[in-house]
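Take a look at the structure set out below.
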Ligand SMILES: [Cu+2]
């Protein structure tokens with residue numbers, strides 16, 4: 001949060017520093033007053049030679065509510081006035097920050113982000129792209145995110161780029177996302193959405209314009225039919241297993257939508273919402289026993305022979 005990499009996060013970080021300084025000064029003031037109070041009470045006790053001064057007796061009609069000393073009016077008055085002034089100031093600053101951050105970016109790059117337990121569906125309607133868990137954007141350009149949910153409430157949070165915004169079922173929230181420099185920015189679901197809430201991460205990958213255009217062109221392609229024999233067998237394993245009920249591979253009969261689109265799986269850096277790196281070993285482990293890698297996620301284990309698994313892996317690795 002305090003290492004912002006985009007204009008929205010930069011404004012939020014500025015507000016955060018102001019709040020920290022204001023809050024810190026108030027805290028120091030409170031501790032100082034407390035110290036003075038303790039010190040005076042101790043001196044009063046020593047003067048009287050008593051171990052502890054008796055507690056003040058409250059009686060109705062007492063000029064100062066039963067407590068000794070005039071400065072009390074000042075303390076009570078200040079204790080009401082200070083928070084009113086400080087909180088109104090903080091409120092104004094917060095509203096100013098919110099106003100300064102637009103909630104929509106370009107009309108060209110519009111990205112639908114749909115929360116699922118426990119992964120992110122990502123769609124680019126203008127480019128006809130469907131992917132998952134990794135959002136590519138052109139660096140230096142504001143893009144528009146439309147956030148919604150397929151099940152429970154999730155929250156989109158990429159701390160280096162922006163604040164949190166909820167994904168609510170049946171509602172669409174807009175968010176302007178911009179990264180100043182090309183790079184990889186990790187995000188995280190920030191609303192408890194079930195057992196694998198903490199395992200619901202994502203990557204925002206800011207590319208140069210040229211890299212972004214190349215990525216778009218590649219993602220728009222359907223999956224190329226496999227050419228080598230083992231990959232052809234692997235495709236048959238996939239099309240002949242339960243995978244097709246939950247996953248889509250564009251250009252094949254696999255058209256399920258319960259899980260992430262696998263058409264360009266091999267082009268992604270991570271698996272299972274940034275839980276593990278996208279390597280052959282992790283992919284094999286994931287397919288055989290996804291519950292071991294991410295307990296409680298919605299993909300069941302699949303029973304495959306070693307030959308079937310190796311063929312399936314070879315096929316999945318062709319899905320660039
Ligand atoms: Cu979530």
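Here are the numbers for the structure shown:
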{"quantity": "Condition check for residue 111: out of contact with any helix residue (DSSP H, G or I) (no Cβ under 9 Å at 6 or more places or on another chain), surrounded by 17 or more Cβ atoms within 10 Å (Cβ to Cβ) and under 15 Å from residue 204 (Cβ atoms)", "calculated": "yes"}
{"quantity": "Check on residue 239, part of a loop (DSSP other than H, G, I, E, B) and away from the ligand (no atom under 16 Å from the Cβ)", "calculated": "no"}
{"quantity": "Number of the exception - residue 282 against (1) in contact with a strand residue (DSSP E or B) (Cβ under 8 Å, 6 or more places away or on another chain); (2) buried (at least 17 other Cβ atoms within 10 Å of the Cβ)", "calculated": "(2)"}
{"quantity": "Test for residue 247: is it within 13 Å of residue 317 (Cβ to Cβ) and either surrounded by 15 or more Cβ atoms within 10 Å (Cβ to Cβ) or over 28 Å from the mean Cα position of the chain (by Cα) (or both)", "calculated": "no"}
{"quantity": "Residue identified as in contact (Cβ under 8 Å) with a residue 40 or more places away in the chain and part of a helix (DSSP H, G or I) among 313, 283, 304", "calculated": "313"}
{"quantity": "Counted residues, the range 31-58 - those being at pLDDT 75 or above and either surrounded by fewer than 11 Cβ atoms within 10 Å (Cβ to Cβ) or not in a helix (DSSP H, G or I) (or both)", "calculated": "8"}
{"quantity": "In the range 172-205, the residues that are part of a loop (DSSP other than H, G, I, E, B), away from the ligand (no atom under 15 Å from the Cβ) and surrounded by fewer than 19 Cβ atoms within 10 Å (Cβ to Cβ)", "calculated": "172, 180, 181, 182"}
{"quantity": "Residue satisfying all of: in the range 139-171; over 13 Å from the mean Cα position of the chain (by Cα) and surrounded by fewer than 17 Cβ atoms within 10 Å (Cβ to Cβ); farthest from the ligand (Cβ to nearest atom) among these", "calculated": "140"}
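The values are calculated or read from the model by the stated rules, or taken from the named source; none is laboratory data. Remember, it's a predicted structure, so these values are computed and weren't measured experimentally. With ideal geometry, Cβ positions are generated from the backbone for all residues, glycine too; neighbour counts draw on all protein chains shown.
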